[in-house]
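The values are calculated or read from the model by the stated rules, or taken from the named source; none is laboratory data. Just so it is clear, the structure is predicted and the values come from calculations on it, not from any experiment. A quick note on method: Cβ atoms are made from the backbone with ideal geometry, for glycine too, and the neighbour counts reach across all protein chains shown. When the accessible area is computed, the model is the full protein with side chains, heavy atoms only, and any ligands, DNA or RNA have been set aside. Shrake-Rupley method; radii C 1.70, N 1.55, O 1.52, S 1.80 Å.
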Amino acid sequence: MILAGLAVVACTTAKKAEVEKTIAQQLFERLDTLRQKGYMFGHQDDPFYGLTWDYQPDSSDVKNVCGDWPAVMGFELGGIEMGDEKNLDSVPFTKMREEIVKHHERGGIVTISWHPRNPVTTVEGGGNAGQRFPEGTAWDVSDTTVVKNVLPGGSQYDKFQTWMQRVSEFLATLKTGDGQPVPIIFRPWHENTGSWFWWGEKLCTADEYKALWNMLQDKLDADGFTNLLWAYSPGMAANLTTEKYLERYPGDDRIGLVGIDGYQWGSKEDFVSQLDANLTMLTQFAKEHGKIAALTECGLKNLSDPTWWTSTLTPVLDMYPISYFLVWRNYKEEWFGPAPSQPDAPYFKEMFAKENTLFLEEIKD
Ligand code: BMA
């Protein structure tokens, strides 16, 4: 009897734990399961604009090439901190909210990045007030004390608290019709081992970087977000060893997904060998630390080699247990995704047809 009673208690507890899994934990498990089928394709700003269109309902260059939506869609918060109505790439935040919820409801996965302006050098009104790139933007590295200045005791502390509050308020609106928060891979402070953003390697110490990370994470935790799977993603680099990766890593208790951002800017050979070496390190790291690995950003600008998808990228990705790769946006002057009637479209379709590349239809529950 006692034993039976205990069994009931144990069973109820297990059930409760199941029920109490946070949305972020459930997302982690979903990614972990899907990874066994293959790796997902992701595209930044997919539903907003493409090479020949802007803001048409239910459109997507990817879908117009292969017939399916990307499994993962990336969205960008830059500008929300200023209270702007549109992000730094002119996407209205109201549209962004709609498309985030829509993609989640059609069974897709959402990831969010943030390129906040430089709190020291921006002026009130930011780009809209006439500041010219890179002045005042995330890419403005003219002042090397920005991170220090947003931390407690710094001159920009109060301003930055407001900026984080605006992020929090936007994230709080990402809910389905019945009030359920959308699961999100949240990926702030990325490419931090380079020095092109104000939170980059030469712009702050490792301790300052971690304090910056923690300040944002602690704030959003305190605000009650349990739907954010936190992703850490330095840039691909020749020297990206495990030690290097760990130098600014916020810690196993803070991170669910580990990534790298790696573009091909030079030769195919250099890209392939660096990607290969970095993914070896990353997937080993993920295994040892119990994390999901992903190529959180990648691409070849304007697909200058149309065969890139199948000749360069996937032969490397096929060798590693990554969750997804995401290519950046199809901006008319600089695009990383496929588009109809572009020379890379047939190669993209070939990649789409591969068994282990996952698009929306293959990941829906
Ligand atoms: C960059 C470029 C910029 C854009 C930024 C944020 O890599 O695409 O044009 O503003 O990402 O999306």
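Assorted remarks:
- Sequence-distant residues sharing a close amide H with residue 198 (under 5 Å, placed H): 140
- Segment residue 86-residue 354, length gained on full extension (0.36 nm per residue, minus Cα span): 92.8 nm
- Label separation (residue 246 vs residue 332): 5.0 nm, computed from points 7 Å beyond Cα along the C-beta direction.
- Accessible surface computed residue by residue for the chain, with neighbouring protein chains in place and a 1.4 Å probe, gives 43 Å² per residue.
- Based on every Cα atom in the range 21-105, Rg and the maximum pairwise Cα distance Dmax equal 14.6, 43 Å.
- Gaussian network model of the chain, springs between alpha carbon atoms under 10 Å - residue of 230, 53, 309 with greatest fluctuation: 53
- Summarising the label geometry, the points placed 7 Å from Cα in the beta-carbon direction at residue 58 and residue 176 lie 2.0 nm from one another.
- Dimensions of the chain along the principal axes, based on C-alpha atoms and rounded to the nearest Å, stand at 76, 55, 43, largest first.
- With the simple model of a label 7 Å out from the Cα in the direction of the Cβ, residue 206 to residue 341 spans 5.3 nm.
- Loop-resident sites, the range 237-298, for trypsin sites (Lys or Arg not before Pro), counting at most 13 other Cβ within 10 Å (DSSP): none
- Loop-located trypsin sites (Lys or Arg not before Pro) in the range 298-365 (DSSP state not H, G, I, E or B) with no more than 15 neighbouring Cβ atoms inside 10 Å: 332, 354, 364.
- Length gained when the stretch residue 124-residue 196 is fully extended (0.36 nm per residue, less Cα-Cα span): 23.7 nm
- Per-peptide average of other Cβ atoms within 10 Å, ordering 271-282, 70-81 highest first: 70-81, 271-282
- With a Förster radius of 22 Å applied to the beta-carbon distance between residue 20 and residue 218, the computed FRET efficiency rounds to 0.55.
- Distance from the range 301-349 to the range 51-77 (C-alpha centre basis), Å: 14 Å
- Sequence of 35, 166 when ordered by accessible area, the most exposed leading, probe 1.4 angstrom: 166, 35
- Our estimate of slack between residue 238 and residue 68, defined as 0.36 nm per intervening residue step minus the Cα-Cα distance, is 57.7 nm.
- Modelled label reach - residue 157, point 7 Å along Cα→Cβ, the range 190-214 residues with backbone N closer than 15 Å: 211-212
- Remark: for residue pairs 244/291; 219/301; 102/159; 21/86; 21/202; 210/354, the C-alpha separation exceeds 28 Å in 219/301; 102/159; 21/86; 21/202; 210/354.
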